[in-house]
Amino acid sequence: MQVVVIPALSDNYIYVLLDEFEPQTAAVVDPGAAAPVLEYMVQAGRRLTAILNTHHHRDHTGGNAELLRHFPGIPVYGGAEDRGRIPGQTVFLRGGDEVAAGGVAAKVLDIPGHTRAHIGYWFSSETGHDLFSGDAVFGATIGNLFEGTPDAMFRSMQNIRALPPRTRIWCSHEYTLRCVRESAAVDAHNPRLAARLRTLEATAGMGRPTVPLLLEEECLTSPFFRWDDPGLSRLLGTPPGLPTFKRLCEI
Ligand code: ZN
Ligand code: FE
């Protein structure tokens, strides 16, 4: 599977998934806008065969209706709990369900917290592992808790951390530099996080996307994946585990 990154709106990423053995088709993840996706389809000579949504927010689903006008009848995937909130939704998924797109099977991950119905799509094949994580996780941080509790987000992060370390994380916004900077101020004793910030600052001017993130690096640098790190717990004055994670959510 090949992933095409399409910047959209102010700082969103829309992802087009290509099946290397199917040169005529493509699937799309979280089309917040239709125009850039249609433009890509025309230029690449491909037909859209599926829309995969991680959650109902408009910057992730705003292009659904227009895309369905151009490609009528294609399936629109989303979480079962998002019924009625995702335009054109036809498939209502739960954690553990499987879907196929881009010639690869994906396992659905229940990762609520940003919204109560947020899901992720974890693709796995011999070419590697790819997680489309919407607004659940960003570089060195998590998404805003709009509809979920820290407890729910903690379970979601546990589920993500349990994936293979080489999993590529395709999050839906370019927030990495800002969030790594904020987290480096909180977890000031993590030399790997400080080094990550220096690298990002040195390359920021080039305007290149920082996606995909790598789970392995997130586990070493994101405080939200290091709830059981003794040094971080000591720094925050909280016991390791959920209390440390909750404290991070308050900062
Ligand atoms: Zn969102
Ligand atoms: Fe978003």
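The values are calculated or read from the model by the stated rules, or taken from the named source; none is laboratory data. A quick note: this is a predicted structure, and the numbers were derived from the prediction, not measured. Neighbour counts run over all protein chains shown; Cβ positions are idealised from the backbone, glycine included. Note: areas computed on protein heavy atoms with side chains; ligands, DNA, RNA excluded. Shrake-Rupley method; radii C 1.70, N 1.55, O 1.52, S 1.80 Å.
Could I have the simple spin-label model distance between Gln43 and Ala162, label points 7 Å from Cα toward Cβ, reported in nm to one decimal?
4.1
Of the candidates Asp11, Asp228, Asp19, which one comes out as most mobile in a Gaussian network treatment of the chain with C-alpha springs shorter than 10 Å?
With Cα springs under 10 Å in the chain, the top fluctuation among Asp11, Asp228, Asp19 is at Asp11.
Multiply the residue gap between Cys249 and Asp151 by 0.36 nm, knock off their C-alpha separation, and tell me the result in nm, one decimal place. All intermediate terms of the calculation are to be shown ahead of the outcome.
Details: separation 98, 0.36 × 98 = 35.28 nm, distance 1.01 nm.
Gain on stretching Cys249 to Asp151: 34.3 nm.
Please report the carbon-and-sulfur percent of the accessible area for the chain; probe 1.4 Å, protein heavy atoms only, DNA, RNA and ligands left out.
Working: 5740 of 11030 Å².
So the carbon and sulfur contribution to the accessible surface is 52 percent.
Considering only Gly128, Gly88, Gly78, give the residue with the highest GNM mean-square fluctuation for the chain, with springs between Cα atoms whenever their separation is below 10 Å.
Residue with maximal mean-square fluctuation among Gly128, Gly88, Gly78: Gly128.
Rolling a 1.4 angstrom probe over the protein chains, ignoring ligands and nucleic acids, what is the accessible area of His57 in square angstrom, nearest 10?
40
What is the gain in length, in nm to one decimal, between Ala204 and Cys219 on full extension, counting 0.36 nm per residue of separation less the C-alpha to C-alpha distance? The partial results should precede the final answer.
Values: separation 15, 0.36 × 15 = 5.40 nm, distance 2.22 nm.
3.2 nm is the gain from fully extending Ala204 to Cys219.
Return the calculated 222 nm mean residue ellipticity for the chain, to the nearest 500 deg cm²/dmol, obtained by summing -39500 (n - 2.57) across DSSP H runs with n ≥ 4 and dividing by the residue count. Working shown, then result.
On the way: 9 runs with 80 residues, N = 251.
Helices in the chain give a 222 nm mean residue ellipticity of -9000 deg cm²/dmol.
Under 16 Å from the 7 Å Cα→Cβ point of His70, by amide nitrogen: which residues of region 1-18?
4-9, 14-18
Measuring with a 1.4 Å probe in the full set of protein chains, what accessible area per residue, in whole Å², belongs to the chain? Walk me through the numbers before you get to the answer.
Working: 11030 Å² over 251 residues.
Per-residue accessible area for the chain comes out at 44 Å².
Of Ala80, Ser10, Pro223, which is farthest along the charge dipole of region 2-250 in the positive direction, counting Lys and Arg as +1 and Asp and Glu as -1 at C-beta?
Positive-most Cα among the choices belongs to Pro223.
Could you give me D for the chain, from Stokes-Einstein at 20 °C and 1.002 mPa s, where the hydrodynamic radius is the Kirkwood radius over C-alpha pairs? Units µm² s⁻¹, please. Numbers along the way, then the final one.
On the way: Rh = 18.4 Å.
Answer, rounded: 116 µm²/s.
With each pseudo-label sitting 7 Å past Cα toward Cβ, what's the Asn144-Leu242 distance in nm, one decimal?
2.6
Determine ³J(HN,Hα), in whole Hz, for all residues of region 80-86 in sequence, where each value follows from phi through the Karplus function 6.51 cos²θ - 1.76 cosθ + 1.60 and θ = phi - 60°; x replaces Gly and Pro.
With coefficients 6.51, -1.76 and 1.60, one gets 4, 6, 8, 3, x, 10, 10 Hz.
Would you report the distance distribution of C-alpha pairs in region 121-251 as whole percents per 5 angstrom bin, up to the bin with the largest distance?
Taking all Cα pairs of region 121-251, the binned fractions are 2, 11, 21, 23, 22, 13, 6, 2, 0 percent.
Cut-off 10 angstrom, C-alpha nodes, Gaussian network model of the chain. Which of Gln43, Gln158, Gln24 fluctuates the most?
Gln43
Given the C-alpha centroids of region 20-91 and region 164-219, what is the distance between them in whole angstrom?
28
Let me know the charge dipole size of the chain about its Cα centre in debye, to the nearest 20, where only the beta-carbon of Lys, Arg (+1) and Asp, Glu (-1) is charged. Each step should come with its number before you reach the end.
Numbers: 23 positive and 28 negative charges, 70 e Å.
Here the size comes out at about 340 debye.
Between the DSSP loop rule and a limit of at most 11 other Cβ atoms within 10 Å, which trypsin sites (Lys or Arg not before Pro) in region 114-172 are left? The partial results should precede the final answer.
Values: sites: Arg116, Arg155, Arg161, Arg166, Arg168; in loops: Arg116, Arg166.
Within region 114-172, the qualifying trypsin sites (Lys or Arg not before Pro) (loop, at most 11 other Cβ atoms within 10 Å) are Arg166.
What's the magnitude of the charge dipole for region 1-126 around its Cα centre, counting Lys and Arg as +1 and Asp and Glu as -1 at the beta-carbon? Answer in Debye, nearest 20.
Working: 9 positive and 14 negative charges, 77 e Å.
With Lys and Arg at +1 and Asp and Glu at -1, about 360 debye.
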